[in-house]
Amino acid sequence: MTVKNLTDLKGLNEKNVEELAGIGISNVAELKEAINDDERLKTVIKTCSGVGPKTVSVWKDALEGSEDAAAKADETEEKTEVVEAAEGAYVVKLKPELSDETADALAKRAMISGRRPAFKRQEWFRYSKLGEMWRKPKGIHSKMKRGLKRRPPMVEVGYRGPADVRGLHPSGFEEVLVYNVDGLEAIDPKKQAVRIGGTVGTKKRMAIEDRADELGIRVLNRMV
């Protein structure tokens, strides 16, 4: 479908057209240019009510239309070269300040996790209704509970990792759950990283990410 007017795009109504006009976007060409720019894309999502990343992705596909695949590849390469020259091809993620003991414990935990078996519920393979989720066997005749040979392993304390790094993110950060911008003020960027709550909407999530970048705080579940 050829997009001639803004309202031809799925999920874009008359109210959104007025909102876009307020930020200087009045036609299809200007909108296409805006959503291909990361900074202006954030502004578009913040401004348009009821519009999120998924809706913008649909707009991109509609605006691209039936362009030739080779032309798309060339355009992508040119855009990549510009980004590499201006901003760099890769931005190193923030790392915590760890002591040698903590770094060794994290490495040891990774090795232990690789050797740890998958604990599955007793007779999960026999009755599909049981599922594989672990539950401790409690029957007095249970051979698995009695630890007989050729029985699946049970959860035991010996499988645990080092206590010093228990609960830490694989990067070494202590995870802190936040739901708004105010939750970032008490964060220590050297030891803590934030995870945005699953019930937080797109606009508030973008505000949290922007504020976290200003404070030098790592966000573990960024949108992009």
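Scanning segment 160-199 for residues that are over 13 Å from Val219 (Cα atoms) and surrounded by 15 or more Cβ atoms within 10 Å (Cβ to Cβ) yields Gly161, Pro162, Val165, Leu168, Gly172.
Applying the criterion of being in a helix (DSSP H, G or I) and among the small types (Gly, Ala, Ser) to the residues of segment 11-37, the residue that is surrounded by the most Cβ atoms within 10 Å (Cβ to Cβ) is Ala34. Give segment 48-63 a look and list any residue that's part of a helix (DSSP H, G or I), surrounded by 12 or more Cβ atoms within 10 Å (Cβ to Cβ) and modelled with pLDDT under 75, or say none. Matches in segment 48-63: Pro53 only.
Looking at Tyr159, Tyr179, can you tell me which residue is within 30 Å of Thr55 (Cβ to Cβ) and touching a residue at least 12 places away in the same chain (Cβ under 8 Å)?
Details: Tyr159 fails: within 30 Å of Thr55 (Cβ to Cβ).
On inspection, the qualifying residue turns out to be Tyr179.
Applying the selection to segment 133-159, what residues are farther than 26 Å from Asn221 by Cβ and either of a type in the set (Gly, Ala, Ser) or surrounded by fewer than 10 Cβ atoms within 10 Å (Cβ to Cβ) (or both)? Passing the criteria: Lys138, Gly139, Ile140, His141, Ser142, Gly147, Leu148, Lys149, Arg150, Glu156, Val157, Gly158. For the structure I just gave you, tell me whether Pro117 is more than 25 Å from Ser99 (Cα to Cα) and in contact (Cβ under 8 Å) with a residue 12 or more places away in the chain. So Pro117 fits the description; yes. Being of a type in the set (D, E, K, R) and in contact (Cβ under 8 Å) with a residue 60 or more places away in the chain is a description that applies to Lys93.
The values are calculated or read from the model by the stated rules, or taken from the named source; none is laboratory data. Because the structure is predicted, anything quoted here is derived from the model rather than measured. Cβ sites come from the backbone with ideal geometry, for glycine too, and all protein chains shown count toward neighbours.
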